[in-house]
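The values are calculated or read from the model by the stated rules, or taken from the named source; none is laboratory data. Quick caveat: nothing in here was measured; it's all calculated off a predicted structure. Cβ atoms come from the backbone with ideal geometry, glycine included; neighbour counts cover every protein chain shown. Accessible surface areas use protein heavy atoms only, side chains included; no ligands, DNA or RNA. Shrake-Rupley method; radii C 1.70, N 1.55, O 1.52, S 1.80 Å.
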Amino acid sequence: PAGLWTVFTLGGVGSKATPQLEQCSPLANQSLLLLLVLANLTDAPDTPNPYRQAIISAFSSAHPHAFQINFNSLYTALCEQQKSDQATLLLYMLLHQNSNVRTYVLARTDIENLV
């Protein structure tokens, strides 16, 4: 997986997850990497990427049957993990593809913690 991640980060350009982060939660780190790879697969000509659609609908109030995410907990976790490429990529994906997440983040008064 590290080799694949290096390809996605243009040969290792950019920040890397700290060794302490990877050691304290290797399952979470690997799960996030898998989620990002699946969510960024190319759409088929006749159907959109089902993984991306599931992530987008998980944060949407338009789908009452979808599980609910606590935006405050998500925001806090993303603020704590912004030194890792994968957390930044997840934030980027959520901000660009989900208006509910974007609205929540922009409404925060402590956005400097994220930036």
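Structure notes:
- Whichever residue in region 1-50 is modelled with pLDDT of 65 or more and of a type in the set (D, E, K, R) and, among such residues, is farthest from Lys83 (Cα to Cα): Asp46
- Residue count for region 68-88, restricted to those that are touching a helix residue (DSSP H, G or I) at 6+ places or on another chain (Cβ under 8 Å), assigned to a helix (DSSP H, G or I) and farther than 17 Å from Ser25 by Cβ: 2
- Region 30-51 - residue that is open to solvent by 40 Å² or more (accessible area, probe 1.4 Å) and in contact (Cβ under 8 Å) with a residue 12 or more places away in the chain and, of those, farthest from Gln97 (Cα to Cα): Gln30
- Just one of the numbered conditions (1) at pLDDT 85 or above; (2) part of a helix (DSSP H, G or I) is not true of Gln53: (1).
- Residue count, region 89-115 (criterion: assigned to a helix (DSSP H, G or I) and either in contact (Cβ under 8 Å) with a residue 12 or more places away in the chain or touching a Leu at 6+ places or on another chain (Cβ under 6 Å) (or both)): 12
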